[in-house]
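Here is the structure we will look at, set down as structure tokens.
The values are calculated or read from the model by the stated rules, or taken from the named source; none is laboratory data. The shown structure was predicted, so the numbers you read here are calculated from the model rather than taken from an experiment. FYI the Cβ positions are ideal-geometry reconstructions off the backbone, even for glycines, and counts take in every protein chain you see. Heads up: the accessible areas ignore ligands, DNA and RNA and are worked out on the full protein's heavy atoms, side chains in. Shrake-Rupley method; radii C 1.70, N 1.55, O 1.52, S 1.80 Å.
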Amino acid sequence: MTKMLPVGIENFEEIRTENYYYVDKTGMIRDLLNKHGKVNLFTRPRRFGKSLNMSMLRTFFERGCDQALFEGLDISRETALCERHMGQYPVMSISLKGVNGADYKTARSLLCSVVGEEALRFETELMESDKLSQTEKKRYMQLITIDKRNNESFVMSDSVLMGSLKTLSALLRRHYGRKTIILIDEYDVPLAKAHEQGYYDEMILLVRNIFEQVLKTNDSLYFAVLTGCLRVSKESIFTGLNNPKVLSITSVRFEEYFGFTDSEVREMLSYYDLGNKYDMIKEWYDGYHFGNAGVYCPWDVISYCDELLDDPQTEPKDYWSNTSSNDVVKRFLQMAKADTRDDIERLIAGETVLKTINEELIYKELYDKIDHVWSVLFTTGYLTQRGKADGELRRLVIPNKEIHNIFMKQIREWMQSKVREDGIKLNRFCEAFRNADAETVQTIFAEYLRDTVSIRDTAVRKELKENFYHGFLLGLLRFKEDWMVISNRESGKGYADIVVEIYSEKLGIVIEVKYPDNGNLDAGCQEAMKQIEDRAYTDQPRLDGMTRIIKFGIACYKKECKVVSDH
């Protein structure tokens, strides 16, 4: 039976027992055992397999491990390591992904629940243990106490919560006679949410105290693994820890264990007989560089392949940004001055920019200055590296078509919002279309382009350039709420870029946008007007009852434009 694709599944045991396809990352276990530190922090962008790898680690190390789950995988060939470590440890595993309250009280309650639920997994063993004293069992009870008057939520005092993970690790060591492995997934989510919602100082104090107690001078700790998107400054959260081993996207060690390598993608496509989609998948979802390894985003590859199995004609699309608001790109564009806009234009043209990257930031400082935002874009996956330059400078580039489209969409929305700040001018712009005033349309549109971001004529294909200006113009015309503004509407022998219908006046406006690669704006306008005629784009507006039709040909090249009209 053909294996299913594990779309959205982050549980290692479920993947291995329920006939799901698994890309073997168990070599990470070997490398972790041979090279781990006391505290190991892996930072990677979202949707690169962090949670699945943490589930894999828990399954391997936890007592009662089913060895059959690892049969045939890379780690199974390390027989000595497996005999010594597989299923030998008490493992505490928590995810802070859901600790995202709108206020501190809610977030703290969610954190209590996360810790309480994990402690509850060991209730039978610890409460019936003959190796724990009654005092120790009372300390355990403090971790699993439920307030039935308050939606049966876990309730802990500050001192109990701050020491909860250390307490649980000590009790597990006492009962099992082995030091504890601690796994903390998405460690930085509570801090990110607290920063967004305005209770950062309270949350950082709480998390710092929890981490200091469990990760510093904890005799019951064998080793800990943490994952997150950002490497939060040691001064803000890891105060006093003895040099945690940070394995970021610039680290060569463990570089291939988050994300899919090219050979892994080829093997998956071969398994599902999708080899003919390789070039397209590479263009859209490859391009990231962790350490020295090139990797694809696994979420994207799996999601697209899953859709291809149902419909081989499915076009690739943006899966990655649907899991985030892309706020960092929005903030970046809002903060951009003239020199940064030039960098943005180079990036969307497929070029590299040289920037100094600081991988160790404090959430409060993320948007203090534009230099920090470059670092956030890099660490969160919106930009990737193409090697170092001199000193600490790195060559940054947009990794692939998917992320390029995110930038293009955000740039277009930012440009439209910027233009809407002057409603009087925007209304004049729209009215110029109604009045067939090509000169005014050209003058104002050129002003808009000069004040925003242009699309350079290098790596971006012509149709994508045209789509960018088309989309920008479409958003501006929709300022008029009583106009019917339609994009890519079938009319005559093809699809017109933009059709406007003003029913009260029985007026139709047909617009075609061109991007002449040679910069010849006059020729671009002529081509646009000819296409309107040759493909009979005015037919549908006439069928809709529009008795007067105005045709516009618009040519754009970088920050310049030319507009002609006919009616």
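Where residues in region 104-131 are open to solvent by less than 30 Å² (accessible area, probe 1.4 Å) and assigned to a helix (DSSP H, G or I), which of them is farthest from residue 161 (Cα to Cα)? Before you say what the answer is, go through the steps one by one.
Of region 104-131, the ones open to solvent by less than 30 Å² (accessible area, probe 1.4 Å) are 107, 111-112, 115-116, 118-119, 122, 126, 129.
Restricting the remaining residues to those that are assigned to a helix (DSSP H, G or I) gives 107, 111-112, 115-116, 118-119, 126.
Numbers: 107: 13, 111: 9, 112: 7, 115: 8, 116: 9, 118: 13, 119: 12, 126: 19 Å.
Result: 126.
Looking at (1) open to solvent by 50 Å² or more (accessible area, probe 1.4 Å); (2) in contact (Cβ under 8 Å) with a residue 40 or more places away in the chain; (3) not in a strand (DSSP E or B), can you tell me which one residue 464 breaks?
Going through the list (1) open to solvent by 50 Å² or more (accessible area, probe 1.4 Å); (2) in contact (Cβ under 8 Å) with a residue 40 or more places away in the chain; (3) not in a strand (DSSP E or B), residue 464 breaks only (1).
Considering each residue of region 420-445, count those that are open to solvent by 10 Å² or more (accessible area, probe 1.4 Å), within 19 Å of residue 470 (Cβ to Cβ) and either within 40 Å of the chain's Cα centre (by Cα) or of a type in the set (Phe, Trp, Tyr) (or both), and give that number.
Of the residues in that region, 2 qualify.
Has region 59-72 got any residue that is part of a helix (DSSP H, G or I), touching a residue at least 40 places away in the same chain (Cβ under 8 Å) and more than 24 Å from residue 176 (Cβ to Cβ)?
Here is the first cut: in region 59-72, the residues part of a helix (DSSP H, G or I) are 59-61, 67-70.
Now drop any that are not touching a residue at least 40 places away in the same chain (Cβ under 8 Å), which leaves 59, 61, 69-70.
If we keep only those that are more than 24 Å from residue 176 (Cβ to Cβ) as well, we get none.
No - not one qualifying residue is present in region 59-72.
Return yes when residue 27 is of a type in the set (Gly, Ala, Ser), open to solvent by less than 10 Å² (accessible area, probe 1.4 Å) and under 19 Å from residue 268 (Cβ atoms) and no when it is not.
Details: of a type in the set (Gly, Ala, Ser): yes; open to solvent by less than 10 Å² (accessible area, probe 1.4 Å): yes; under 19 Å from residue 268 (Cβ atoms): yes.
The answer is yes for residue 27.
Within region 491-513, count every residue that is surrounded by 18 or more Cβ atoms within 10 Å (Cβ to Cβ) and among the polar types (S, T, N, Q).
The qualifying residues number 1.
Checking residue 97 against (1) surrounded by fewer than 19 Cβ atoms within 10 Å (Cβ to Cβ); (2) assigned to a helix (DSSP H, G or I), which test does it fail?
(2)
Considering every residue within region 531-549, establish whether at least one is on the phi > 0 side of the Ramachandran plot, open to solvent by 40 Å² or more (accessible area, probe 1.4 Å) and not acidic (Asp, Glu).
No - not one qualifying residue is present in region 531-549.
Here is a list of conditions, (1) of a type outside the set (Phe, Trp, Tyr); (2) crowded, with 22+ Cβ neighbours inside 10 Å; (3) at pLDDT 95 or above; (4) in a helix (DSSP H, G or I), and residue 473 meets all of them except one; can you say which number that is?
Only one criterion in (1) of a type outside the set (Phe, Trp, Tyr); (2) crowded, with 22+ Cβ neighbours inside 10 Å; (3) at pLDDT 95 or above; (4) in a helix (DSSP H, G or I) is unmet by residue 473, namely (3).
Identify, from the list 161, 165, 172, 230, the residue that is touching a Ser or Thr at 6+ places or on another chain (Cβ under 6 Å) and within 19 Å of residue 126 (Cβ to Cβ). Give the steps one after another, and end with the answer.
Values: 161 fails: touching a Ser or Thr at 6+ places or on another chain (Cβ under 6 Å); 165 fails: touching a Ser or Thr at 6+ places or on another chain (Cβ under 6 Å); 230 fails: within 19 Å of residue 126 (Cβ to Cβ).
Only one candidate qualifies: 172.
List the pairs whose first member sits in region 479-492 and is among the polar types (S, T, N, Q), whose second member is open to solvent by 40 Å² or more (accessible area, probe 1.4 Å), and whose Cβ atoms are under 6 Å apart, counting only residues at least 6 apart or on separate chains?
488/495; 491/539; 491/540
Give the residues of region 146-185 that are in contact with a helix residue (DSSP H, G or I) (Cβ under 8 Å, 6 or more places away or on another chain) and β-branched (Val, Ile, Thr), sorted by residue number.
146, 155, 160, 167, 180, 181, 182
Only residues that are of a type in the set (Gly, Ala, Ser) and either over 15 Å from residue 58 (Cα atoms) or more than 34 Å from the chain's Cα centre (by Cα) (or both): list them for region 69-87, please.
First pass over region 69-87, keeping only residues of a type in the set (Gly, Ala, Ser): 72, 76, 80, 87.
Hits for region 69-87 are 72, 76, 80.
Considering only residues of region 518-554 that are over 40 Å from the mean Cα position of the chain (by Cα), in a loop (DSSP other than H, G, I, E, B) and polar (S, T, N, Q), which is nearest to residue 566 (Cα to Cα)?
Ranking the candidates gives 538 first.
Residue check: is residue 28 in contact (Cβ under 8 Å) with a residue 40 or more places away in the chain and part of a helix (DSSP H, G or I)? Give the steps one after another, and end with the answer.
Values: in contact (Cβ under 8 Å) with a residue 40 or more places away in the chain: yes; part of a helix (DSSP H, G or I): yes.
Taking the combined requirement at face value, the residue satisfies it.
Please enumerate the residues belonging to region 310-334 that are in a helix (DSSP H, G or I), closer than 25 Å to residue 411 by Cα and open to solvent by 60 Å² or more (accessible area, probe 1.4 Å). Before you say what the answer is, go through the steps one by one.
Quick first cut of region 310-334, residues in a helix (DSSP H, G or I) only: 310, 321-323, 327-334.
Retained after the next criterion (residues that are closer than 25 Å to residue 411 by Cα): 321-323, 327-334.
Once the filter is applied, which keeps residues that are in a helix (DSSP H, G or I), closer than 25 Å to residue 411 by Cα and open to solvent by 60 Å² or more (accessible area, probe 1.4 Å), region 310-334 yields 322, 327, 330, 331, 334.
Please specify each residue of region 514-528 satisfying the condition of being at pLDDT 95 or above, in contact with a Lys or Arg (Cβ under 7 Å, 6 or more places away or on another chain) and open to solvent by 40 Å² or more (accessible area, probe 1.4 Å).
Answer for region 514-528, where residues must be at pLDDT 95 or above, in contact with a Lys or Arg (Cβ under 7 Å, 6 or more places away or on another chain) and open to solvent by 40 Å² or more (accessible area, probe 1.4 Å): 522, 527.
Can you run down the residue pairs with Cβ atoms below 6 Å, 6 or more apart or on separate chains, where the first is in region 151-172 and in contact (Cβ under 8 Å) with a residue 60 or more places away in the chain and the partner is hydroxyl-bearing (Ser, Thr, Tyr)?
Note: pairs meeting the criteria are 169/180; 169/220; 172/180.
All but one of (1) out of contact with any Asp or Glu (no Cβ under 9 Å at 6 or more places or on another chain); (2) open to solvent by 50 Å² or more (accessible area, probe 1.4 Å); (3) in a helix (DSSP H, G or I) hold for residue 1, so report the exception by its number.
(3)
Go through region 132-151 and report how many residues are open to solvent by 100 Å² or more (accessible area, probe 1.4 Å) and either at pLDDT 95 or above or within 21 Å of residue 178 (Cα to Cα) (or both). Working first, answer last.
Taking region 132-151 first, the residues open to solvent by 100 Å² or more (accessible area, probe 1.4 Å) are 134, 138-139, 148-149, 151.
Cutting the leftovers down to either at pLDDT 95 or above or within 21 Å of residue 178 (Cα to Cα) (or both) gives us 134, 138-139.
Residues in region 132-151 being open to solvent by 100 Å² or more (accessible area, probe 1.4 Å) and either at pLDDT 95 or above or within 21 Å of residue 178 (Cα to Cα) (or both): 3 in total.
Looking at 440, 384 in this structure, which one is in contact (Cβ under 8 Å) with a residue 60 or more places away in the chain and among the hydroxyl-bearing types (Ser, Thr, Tyr)? It would help to see each step written out before you state the result.
On the way: 440 fails: in contact (Cβ under 8 Å) with a residue 60 or more places away in the chain.
One residue alone meets the criteria, 384.
Can you find even one residue in region 523-532 that is under 17 Å from residue 430 (Cβ atoms) and either touching a Ser or Thr at 6+ places or on another chain (Cβ under 9 Å) or basic (Lys, Arg) (or both)?
Initial filter on region 523-532 (under 17 Å from residue 430 (Cβ atoms)): none.
Looking through region 523-532, none of the residues is under 17 Å from residue 430 (Cβ atoms) and either touching a Ser or Thr at 6+ places or on another chain (Cβ under 9 Å) or basic (Lys, Arg) (or both).
Among the residues in region 68-88, are any closer than 30 Å to residue 191 by Cβ and open to solvent by less than 80 Å² (accessible area, probe 1.4 Å)?
Going through region 68-88, the residues closer than 30 Å to residue 191 by Cβ turn out to be none.
Looking through region 68-88, none of the residues is closer than 30 Å to residue 191 by Cβ and open to solvent by less than 80 Å² (accessible area, probe 1.4 Å).
Are any residues in region 335-375 open to solvent by 60 Å² or more (accessible area, probe 1.4 Å), in a helix (DSSP H, G or I) and in contact (Cβ under 8 Å) with a residue 12 or more places away in the chain, and if so, which ones?
Passing the criteria: 346, 364, 371.
Suppose the filter is surrounded by 14 or more Cβ atoms within 10 Å (Cβ to Cβ) and within 21 Å of the chain's Cα centre (by Cα); does residue 307 pass it? Break it down stepwise before answering.
Values: surrounded by 14 or more Cβ atoms within 10 Å (Cβ to Cβ): yes; within 21 Å of the chain's Cα centre (by Cα): yes.
Judged against the criteria, residue 307 is a match.
Just to be sure I understand, how many residues within region 395-408 are free of Cβ contacts under 8 Å to residues at least 60 places away in the same chain and open to solvent by 30 Å² or more (accessible area, probe 1.4 Å)?
1
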